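Notes to accompany the following structure.
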Amino acid sequence: MRLGTVDGRPALISEQGYQDVQEASAGRFAGGAIAILERWDEFRSWAQATAGQRSWTPYREARLGPPVPCPRQVFALAVNYRDHAAEAGIDPPQRPLVFGKFPSCITGPYDDVLLPSDRADWEVELVVVISRPARRAARERAWEHVAGLTAGQDISERRVQFRRPGPDLAMAKSYPTFGPTGPWLVTTDEFADPDDIALACGVNGEQAQASRTGHLIFTVADLIASISAAVPLLPGDLIFTGTPAGTGSTRDPRRYLAPGDVITSQIEGIGIMRNTCVAAS
């Protein structure tokens with residue numbers, strides 16, 4: 001099942017088009033994405049029971065927004081692929097390195113990315129969407145708290161990230177539009193192995209990153225268990241799981257995003273995002 005937003009409203013998505021959730025359910029599932037995720041088991045049962053009864057309406061890509069437009073909390077992982085650690089000259093961490101992205105950075109799969117400087121960088125990531133609340137979740141049951149998966153970009157302002165006296169990840173990665181997600185949420189039953197999914201990123205048609213989530217240092221289950229041991233996870237929360245090798249700041253010569261660049265983010269079984277970079281006014 002695919003759940004997204006069309007014109008800001010939750011929608012079921014298929015190859016044939018979309019169905020507005022509130023209209024299709026005759027108001028039973030009114031409200032935004034978080035309201036649906038809070039009733040996720042009930043919603044999935046309804047969606048499966050009525051699957052053959054709905055008609056689909058065509059849509060344009062530009063009408064798609066982020067699957068969860070206003071999450072309560074957004075978590076992200078630093079250095080969660082060994083090849084990214086190696087290219088950055090960092091030892092692989094012994095525990096998950098978690099930081100926060102402010103929810104106001106979240107934007108859609110085809111929205112523009114606003115560049116505040118000449119040092120913005122790309123980072124394609126698998127993003128986990130939480131449904132059931134998690135507090136001290138057991139690792140072996142962690143996936144039970146997941147509604148589905150989506151694609152994300154953890155855009156990073158490297159001047160801010162690496163300024164002295166120490167790194168400032170939260171601010172560097174939370175500028176407006178620095179969290180494209182989408183094009184929709186895909187439920188975990190759609191994947192042969194949700195722990196091993198291909199992901200890739202390109203800039204202006206040139207491949208920059210390519211890997212599989214099977215190479216994560218800390219798996220999705222590890223992350224849910226670790227984060228929920230300290231902070232309760234709530235319906236609609238997002239977890240950006242980390243990026244593989246190929247970021248612009250680790251290249252020789254370094255390569256950063258510029259106005260006019262088009263970032264293409266692709267995750268197997270989910271889809272493609274395309275975000276055009278423009279200068280922030």
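The values are calculated or read from the model by the stated rules, or taken from the named source; none is laboratory data. A quick note: this is a predicted structure, and the numbers were derived from the prediction, not measured. Please note: Cβ atoms are built from the backbone with ideal geometry, for glycine as well, and neighbour counts cover all protein chains shown. For the accessible areas, the whole protein counts, side chains as well, though only heavy atoms, and no ligand, DNA or RNA atoms are used. Shrake-Rupley method; radii C 1.70, N 1.55, O 1.52, S 1.80 Å.
Just a few scattered comments:
- Selection from the range 134-172 of residues that are of a type in the set (K, R) and in contact with a helix residue (DSSP H, G or I) (Cβ under 7 Å, 6 or more places away or on another chain): R135, R136, R139, R158
- Verdict on G269 being touching a residue at least 24 places away in the same chain (Cβ under 8 Å) and either aliphatic (A, V, I, L, M) or open to solvent by less than 40 Å² (accessible area, probe 1.4 Å) (or both): no
- Qualifying position, being assigned to a loop (DSSP other than H, G, I, E, B), farther than 22 Å from V160 by Cα and without any contact (Cβ under 8 Å) to a residue 40 or more places away in the chain, among S55, S45: S55
- Of all residues in the range 15-50, those satisfying the criterion of being hydroxyl-bearing (S, T, Y) and either open to solvent by 30 Å² or more (accessible area, probe 1.4 Å) or modelled with pLDDT of 95 or more (or both) are Y18, S25, S45.
- Close pairs (8 angstrom Cβ cut-off, 6 or more residues apart or separate chains): over 11 Å from P244 (Cβ atoms) and surrounded by 15 or more Cβ atoms within 10 Å (Cβ to Cβ) in the range 203-215, at pLDDT 95 or above and among the hydrophobic types (A, V, I, L, M, F, W, C) anywhere: V203/W122; V203/L257; V203/V262; V203/I263
- Here is the figure for the range 96-139: residues that are surrounded by fewer than 24 Cβ atoms within 10 Å (Cβ to Cβ), basic (K, R) and in a loop (DSSP other than H, G, I, E, B) total 4.
- Contacts under 7 angstrom Cβ, first residue in the range 254-266 being assigned to a strand (DSSP E or B), partner of a type in the set (D, E, K, R), 6 or more apart: V262/R274; T264/R274
- Total residues in the range 149-188, condition farther than 18 Å from I267 by Cβ, of a type in the set (F, W, Y) and touching a residue at least 24 places away in the same chain (Cβ under 8 Å): 2
- Residue selected from the range 235-254 under the condition more than 16 Å from the chain's Cα centre (by Cα) and farther than 16 Å from E125 by Cα, by the criterion least open to solvent (accessible area, probe 1.4 Å): S249
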